[in-house]
Structure formats: C-alpha cells, structure tokens
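**Q** Please read through the structure below; I'll follow up with questions.
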Amino acid sequence: MMRWLKRVRPDDEVAHAAPTTRRDDPAALHESLADLVTMINSHAGHMPTRAVVEARRLTDTLGEIVDTASSRPLDTYAVISLHSTMDDYLPTTLQRYLALDPAQRTQSSGQGLSGNDALLQQIEVLQQSVSASLEAVRQHDAQALMIQGSFLETRFTGSDLDL
C-alpha cells in the first residue's frame with residue numbers, strides 16, 4: 001500500500017506536532033526574564049548606574065509576578081503585561097538609549113531632557129505599570145483565598161440545607 005494514500009487521523013497529527021510552550025509557563029517566563037537580566041548586565045557599562053539599578057529593580061518586580069505563576073496560573077492581562085515589558089518595552093527602551101551618540105546621553109534635548117534623564121523616566125513609567133500589575137495579581141490571590149475560605153466554611157460547618 002502506498003503511504004501517501006494513507007488516511008491521516010487527527011490523533012496522528014497531534015502526535016507528530018512539535019511541542020509548544022505556553023506563554024504563561026513559569027519556566028518559560030523565568031527564561032525570558034533571565035535573558036533580559038543578561039542583556040541589562042551586559043550593557044551596564046554603557047548606562048548610568050542608576051538606570052541599571054532601576055532596570056534590575058524592574059526585573060525583580062517582574063520576577064515576583066512570574067513567581068506567583070508557580071502556584072496559580074496568571075490571568076491573561078498579567079501574561080500580556082509580562083511579555084510586553086520583557087520582550088518589547090524594556091529592551092526597546094534600552095536599545096534606543098544605547099543607540100544614542102554618547103554625547104547626546106548627557107546633553108539636554110529640545111524637550112529639556114538628556115538621554116540619561118529620558119531613560120530613567122521611561123524605566124520609572126515601566127516600573128509603575130509593572131508594580132500595578134503585581135498588586136493586581138496579589139489582590140486576585142487574596143480574593144481567591146477569601147473565596148476558598150467561604151467555600152470551606154460552607155462545606156465543613158454546615159449549610160442552610162441542614163435540618
């Protein structure tokens with residue numbers, strides 16, 4: 001029988017599909033975060049010390065969000081915020097700063113900010129956003145704990161259905 005005439009069953013396609021990594025998988029998120037930290041560290045000599053410290057503080061906050069994924073899957077908004085910051089916003093901010101002529105990093109532009117000032121300002125905006133995401137994740141966890149407590153109280157202390 002010719003193999004190319006063989007009917008492919010849906011199960012066969014799934015069995016031969018390449019494994020995919022979920023975007024909210026804690027291991028994948030930690031790997032992306034480690035890559036970002038490596039990028040920051042490798043360019044630390046070309047950025048103001050305060051910017052490096054603030055960027056690393058930002059990655060620490062991102063790490064706190066990622067750590068919550070090990071106990072409970074992150075909601076869609078947290079995953080989008082993480083990936084946007086780790087894969088686009090922070091790397092793009094740093095790359096654009098590093099692309100500046102070194103003389104422009106300390107000179108004020110027409111907007112009154114030097115490249116150094118703009119970099120710090122942008123990292124701070126990202127920090128505020130990520131901190132808000134972390135707070136939302138924590139609030140969701142607290143809310144989930146309260147819901148679990150209500151369930152357990154109803155389940156094990158009796159209910160309105162008891163006679």
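The values are calculated or read from the model by the stated rules, or taken from the named source; none is laboratory data. For clarity, every value in this text was computed on a predicted model and none was experimentally measured. When we count neighbours, we look across all protein chains shown, and the Cβ atoms used for this are built from the backbone with ideal geometry, even at glycine.
**Q** Does ALA136 satisfy the criteria of being at pLDDT 85 or above, closer than 29 Å to ASP87 by Cα, part of a helix (DSSP H, G or I) and of a type outside the set (Ser, Thr, Tyr)? Spell out the reasoning first.
**A** Numbers: at pLDDT 85 or above: yes; closer than 29 Å to ASP87 by Cα: yes; part of a helix (DSSP H, G or I): yes; of a type outside the set (Ser, Thr, Tyr): yes.
It is true that ALA136 is at pLDDT 85 or above, closer than 29 Å to ASP87 by Cα, part of a helix (DSSP H, G or I) and of a type outside the set (Ser, Thr, Tyr).
**Q** Further question: In the range 16-113, which helices (runs of 4 or more DSSP H) lie fully inside it and hold 2 or more residues that are of a type in the set (Ser, Thr, Tyr) and in contact (Cβ under 8 Å) with a residue 12 or more places away in the chain?
**A** On the way: elements: 26-42, 49-68, 76-84, 90-99.
Those helices (runs of 4 or more DSSP H) span 49-68, 76-84, 90-99.
**Q** Here's a follow-up. Which condition number does ARG105 fail, the rest of (1) at pLDDT below 90; (2) surrounded by 14 or more Cβ atoms within 10 Å (Cβ to Cβ); (3) in contact with a strand residue (DSSP E or B) (Cβ under 9 Å, 6 or more places away or on another chain) being met?
**A** (1)
**Q** Mind listing whichever residues of the range 85-96 are surrounded by 14 or more Cβ atoms within 10 Å (Cβ to Cβ) and of a type outside the set (Val, Ile, Thr)? Explain how you work it out, then say what you get.
**A** Restricting attention to the range 85-96, the residues satisfying the condition of being surrounded by 14 or more Cβ atoms within 10 Å (Cβ to Cβ) are 85-86, 89-91, 93-94.
Scanning the range 85-96 gives MET86, TYR89, LEU90, PRO91, LEU94.
**Q** Next question. Please go through the range 50-76 and pick out each residue that is at pLDDT 95 or above and small (Gly, Ala, Ser).
**A** ALA51, ALA55, GLY63
**Q** Same structure again: Restricting to the range 93-141, give me the number of residues that are of a type in the set (A, V, I, L, M) and farther than 23 Å from VAL53 by Cβ. Step through it out loud before you land on a result.
**A** Within the range 93-141, the subset of a type in the set (A, V, I, L, M) is 94, 98-100, 103, 113, 118-120, 123, 125-126, 130, 132, 134, 136-137.
Checking which are farther than 23 Å from VAL53 by Cβ leaves us with 103, 136-137.
The qualifying residues number 3.
**Q** Something else now. Go through (1) exposed (fewer than 11 other Cβ atoms within 10 Å of the Cβ); (2) modelled with pLDDT under 75 one by one and return the number of the condition THR154 breaks.
**A** For THR154, the exception is condition (1).
**Q** Determine which single condition SER81 fails, assuming it passes every other condition in (1) more than 15 Å from the chain's Cα centre (by Cα); (2) over 16 Å from VAL52 (Cα atoms); (3) among the hydroxyl-bearing types (Ser, Thr, Tyr).
**A** (1)
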